[in-house]
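Written below as structure tokens is the structure these notes are about.
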Amino acid sequence: MTWKNLNTSCWVPGTKTACQVIYTNTQNLSKSIGNKVIIIDKESLIKLFYASPFSHTPDINAGEVIEVTFNAMFHVTHWRIFQTAIVITAILFVILAVPLCEARADVADTEMAQRIASLLGEKFSPDSLAVTVRESRAYAEMRGVVISGIRIDSMKLNALLTNNQAVLSDDVDALTALIGYSKGELILLEDDVNAYFDANEKSGFSNLHFDFSPSGFKANGLFSADFIFTLRIRLAANGILGLRPDGVYLENVVIRVENVRQPDALTNQIISRVNPLLEFSDIPFKVEFDTVAMDDSSAKMSGSPEAITGGSTAIWKRRSDS
């Protein structure tokens, strides 16, 4: 390979290093000559100076090359090393930061789960309670919750957390601010409904007994009402459980007295003494239930809440159980 030296002096921009512009018609390549590095093509030259702290590239035409001393290349090399160090540092930061962020998230989820469990436990005093939190979602399972005085065998909630600062308060009303929306599930046992009415003469009813089935319910008992005189009648009823925004109601009820169907006006007046069977106002946040399904021993009101995988779980126990 023949090199033609034009003996044209120049300076490497941004340094005090001298260089020469030389010319060749050979193929584009780089070549080491003594203590100098020759960049053959203009594209390589531009890449060299773009990768360095120099302010601009020399005014050089295609086909010309620049000969740079090791002193100039030292600046370029160190700049490239600096660039490489930045990239490596960034990668190491990401590698180290991800576990740290996950650890902080785990701590936050644990604290949130413990606080929600404490608030739900204080509100409902269930037989058992477990709360799982993962980021902005919370899932709770409770047994033995009491709503409207009636024991609920099982209650599940999948809630969207909208205001994390609300849990800093120990007030049960913090649940209202914390949980923006939730889907729930309640399982109501026939035995628990009957136990409630056995212990409570509600609005004129006594000895009221329910019999659940997949098609609805049957009930019978004594009803007392004061008109000009006290009226006591034994009645029989059948109907279904229905969902309304504010609770669970006895609906489509037909009442018979001595096997005679009573007028709707009287039926509605009697049933109003019982409805709603369960009041959702006892739940201090919005819960969605979509369906009611009954069998021979229970009724399930469900919004299909899904359990959470992962996250942190807190178990609540009554103080006497600790």
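Distance check, please: which entries in Lys218/Lys300; Lys218/Lys286; Lys286/Lys317; Lys123/Lys300 exceed 26 angstrom between their Cα atoms?
Lys218/Lys286, as the Cα separations exceed 26 Å there.
Quote the charge dipole size of the range 125-317 about the Cα centre in Debye, to the nearest 20; the model charges only the Cβ of Lys and Arg (+1) and of Asp and Glu (-1).
Using only the charged Cβ atoms, the result is roughly 220 debye.
Where the centroid of each part is defined by its Cα atoms, how far is the range 190-226 from the range 262-287 in Å?
13
Answer rounded, prolate or oblate for the range 125-317, using the Cα gyration tensor with square roots of eigenvalues a ≥ b ≥ c: rounded when a/c is under 1.5, else prolate when a/b is larger than b/c, else oblate.
In terms of gyration-tensor shape, prolate.
Values quoted throughout were computed directly from the atomic coordinates according to the rules given, and no laboratory measurement underlies them. Remember, predicted model here, so these are calculated numbers, not experimental data. Note: ideal-geometry Cβ built from the backbone for every residue, glycine included; neighbour counts use all protein chains shown.
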